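Notes for the one structure printed next.
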Amino acid sequence: MYSAAEGINQVSQTIISSKPVWIVLIPMIGALLVYLAGRKTEWVRNILSAAIALYTFKEVISLYPLIQQGIVEYRYLIVPIIDYELFFRVDSLSFIFAALMSFIWLLATLFSWAYMADEHAKTRFFSFFLFTLGGCLGVVLTGDLISLFLFFELMTFSSYVLVIHEEDKQSMDAGNVFIILGVLGGLVLLMGIFLLYSAVGTLEIRPLLSELTASGANQPLILLMFLIGFGVKAGMVPLHIWLPQAHPIAPAPASALLSGLMIKIGAYGILRVVLMIFTGTEVVEDAVLFAEWSNVFGYIIIWIGIVTMFLGALMALQQTMAKKILAYSSVSQMGYILLGVGCAAYMGADGAMGFVGAIYHIINHAFFKAGLFMMVGAVYIHTHELDIEKVRGMAKKFPFIAGTFLVAAFGIGGIPGFNGYTSKTLVHHAIEEAYLVNNDPWLFIAEKIFVLTSAMTVCYFIKLFRGLFLGEVPEKYDKDYHPSPVVYLTMGVFAASIIFIGIFPQVIYQSLIIPAMNGFTYDPAKVEYLTKLNFFTWPDIRAMVIVLALVAVIYPLGNKFKLFSIKFPDWLSIEYSLYKPMANIGWQLCLFTYKYIDTGVNNVYYFSSRVCRKLIDVTSRFEDYLMIFYDFDAKTLRRAVDITGRFEEKMMDMYEGSTDVSDRAKEADKRFKERYTDTSGKVQDAGESFKGRKIIGWNIKNINIAAMIMAFLISVFLLVFFYFSRIA
């Protein structure tokens, strides 16, 4: 069997190297250096940011000779007191993600020179831009789930700053949704990590099925926690609502990375958990042991992928803002990736086709989607508008950008000769194989939805290209534009990469994707078949011809009957029909809890107020008696009067914060009665007056502070948890 202990022309060898640690630290430390440089001069900051991104990419590439020999590992003792270690582990799959991130991050950093030239808070942007790279690399280079979680949260909080860069109401609202779902997803992920650890006593990312089975752990619950936690970041339906809000709002370089790379972190997590942790290396009756629940969840993920790809494409067709079309397109394309992962899990040891299809589409989507966001961003630099009903004819003003956009659109459309064709072909084979092996009619329907969605993808890119680049240029935008040389450079690299992978698909396939199966458990016969796969066969090309034939029918009909401009009512959206009611219920529960807390506090206040007033009355009377003898000029009596006066002042401070007994006391009594007296004049119990009182709502500052405190408390809890677990 082809298992975790075997590979194609690879030896099972562990190589100890600190390179992964430095790869993560370089952009994080570099972010601080960029911030300091930005306070002095802009050009030094820009050069330094690109140099750090370039050096990070160079260090990642230097891992390739090592992973050809085996697996790179390193344990870094971060907290000596409790002996907590960050565990770094790099295999072929980790390398793919790290190389992809560092390369596209470098291109995005260069593009940011032009895009951010006239923006505000540029130094802050470049600093968090690099720091987020470190967080993303940390996620894919770690070898245990706790280290992965820590970098996962760092990535979430640092990328939040990129989302709210504009600092207007729209960006802050999008940031609210982004950070709230990010924190909630992180907490669910953390619960899954705790459940797994309590069952098997380890959190290393390796096959753990035998330990899970022996422990009697609740495998469906653990899988569900991981699926939700990583699914939020992956943008899968119905956890996708943050994505179409955050991606269009963020600056184009950040949008490119959010959509092209960071959502892949969610897919990476699902892939590691479902296809590695919940598998075994044992051979039982010539079959590899796979978790029963992994198979069930694979079927669920297949349908999550189908729904995600279809709804994402449907919503993309309804948009007129270029970046919003691309954002919903990212939701749809994540559906293809999830479909591949689902097929791999559902087919078990025979699921290699789904695995390679998902990995290849992750690579391809990163190139054409990051490129597309930067291409529309290049137009936005000059027009400051991306509504395709307002900005048209830009091919006349930006012919090179229009050409590269067309290349990227062909890639995402799956046209033969461009990169998306290869990965979509593999995913299509995976769903066909799942149907043929299991003869499930529902999977037959899923395959037809796949074909329909592929046609819809081409349709919304025809709409976008036609709207943004064709037609007459509006008078407002009929000017001479001169894009920066770095724009031509980055767009050219993206276009060249898409064409190169499309024409020579075997280069990436044989050198990166096939070796990535090392560490996963698949039937060697299936792996052998995949190594000899030819992508340019008539059945595969014919499948794309069918898609284009559907486009020839759908697009004209959609335009004629205005199907692409339907505005669905808000109540049909998941946000309004599901999340807003859930949020309202949660808020009411918070108010309900606050009521009883407030009741206790106010009852204490009411009781203490009465005591203070009674003490004031007593001391006032005592002072009156003392004043009778005050004229005798007795020093002791004068001191007693002073003491009682000061005591009375202190009591009034406690009572109302004033030393003016008469007036302030009356005002306090008046406000007290107004607060606790109903319309009949009866004084209510403190808690009874809760209804109708105005509660100060949460603003963005409060939410941010709460999220940061929560992250800090989680970190402290983790350290304490592991300390006592080690003692035990």
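The values are calculated or read from the model by the stated rules, or taken from the named source; none is laboratory data. Nothing here was measured: the structure is a model prediction, and the numbers come from that model. Glycine gets a Cβ as well: all are built from the backbone with ideal geometry, and neighbour counts include every protein chain shown.
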Please enumerate the residues belonging to the stretch 217-237 that are under 13 Å from Gly185 (Cα atoms) and in a loop (DSSP other than H, G, I, E, B).
Gly235, Met236
Of the residues in the stretch 366-389, how many are farther than 22 Å from Gln333 by Cα and either at pLDDT 95 or above or assigned to a helix (DSSP H, G or I) (or both)?
6
Write out, first by first residue and then by second, each pair whose Cβ atoms fall under 6 Å of each other, whose residues are 6+ apart or on separate chains, and whose first residue, in the stretch 102-116, is in contact (Cβ under 8 Å) with a residue 24 or more places away in the chain and more than 22 Å from Val139 (Cβ to Cβ) while the second is surrounded by fewer than 24 Cβ atoms within 10 Å (Cβ to Cβ) and hydroxyl-bearing (Ser, Thr, Tyr).
Ala114/Ser484
Residues satisfying the stated conditions in the stretch 505-530, i.e. among the hydroxyl-bearing types (Ser, Thr, Tyr) and over 18 Å from Ile96 (Cα atoms):
Thr521, Tyr522, Tyr529
Looking at the stretch 462-481, is at least one residue under 27 Å from the mean Cα position of the chain (by Cα) and touching a residue at least 60 places away in the same chain (Cβ under 8 Å)?
yes
For Phe131, are the conditions met, namely being of a type outside the set (A, V, I, L, M) and either in the same structural domain as Leu181 (by TED's automatic domain parsing) or under 24 Å from Glu166 (Cα atoms) (or both)?
yes
Taking Thr453 and the conditions (1) at pLDDT 95 or above; (2) in contact with a Gly (Cβ under 6 Å, 6 or more places away or on another chain), which numbered condition does it fall short on, given that it satisfies the others?
(2)
Glu211 meets each of (1) part of a helix (DSSP H, G or I); (2) touching a residue at least 24 places away in the same chain (Cβ under 8 Å); (3) in the same structural domain as Met334 (by TED's automatic domain parsing) with one exception, condition (2)
Hand me the list of strands (runs of 3 or more DSSP E) wholly inside the stretch 1-110 holding 3 or more residues that are of a type outside the set (S, T, N, Q) and at pLDDT below 90.
71-79, 84-90
Residue hits (the stretch 394-436; among the hydrophobic types (A, V, I, L, M, F, W, C) and out of contact with any helix residue (DSSP H, G or I) (no Cβ under 7 Å at 6 or more places or on another chain)) are Phe410, Leu436
Quick check on the stretch 142-155. Is at least one of its residues of a type in the set (Asp, Glu), touching a strand residue (DSSP E or B) at 6+ places or on another chain (Cβ under 9 Å) and either crowded, with 23+ Cβ neighbours inside 10 Å or outside any helix (DSSP H, G or I) (or both)?
yes
Any residue in the stretch 390-409 that's part of a helix (DSSP H, G or I): show its pairings with residues that are of a type in the set (Lys, Arg) and surrounded by fewer than 17 Cβ atoms within 10 Å (Cβ to Cβ) at Cβ separation under 9 Å, as long as the two are six or more apart or on different chains.
Ala402/Lys396
Name the residue that is surrounded by the most Cβ atoms within 10 Å (Cβ to Cβ), counting only residues in the stretch 479-532 that are assigned to a loop (DSSP other than H, G, I, E, B) and basic (Lys, Arg).
Lys479
For the stretch 115-154, give me each residue that is of a type in the set (Asp, Glu) and within 22 Å of Gly186 (Cα to Cα).
Asp144, Glu153
Being buried (at least 22 other Cβ atoms within 10 Å of the Cβ) and aromatic (Phe, Trp, Tyr) narrows it down to one residue among Phe535, Phe469; which is it?
Phe469
Being crowded, with 20+ Cβ neighbours inside 10 Å and within 30 Å of Glu204 (Cα to Cα) narrows it down to one of Leu130, Leu77, Leu110, so name that one.
Leu130
Has the stretch 415-424 got any residue that is in contact with a Pro (Cβ under 7 Å, 6 or more places away or on another chain), in contact (Cβ under 8 Å) with a residue 24 or more places away in the chain and crowded, with 24+ Cβ neighbours inside 10 Å?
yes
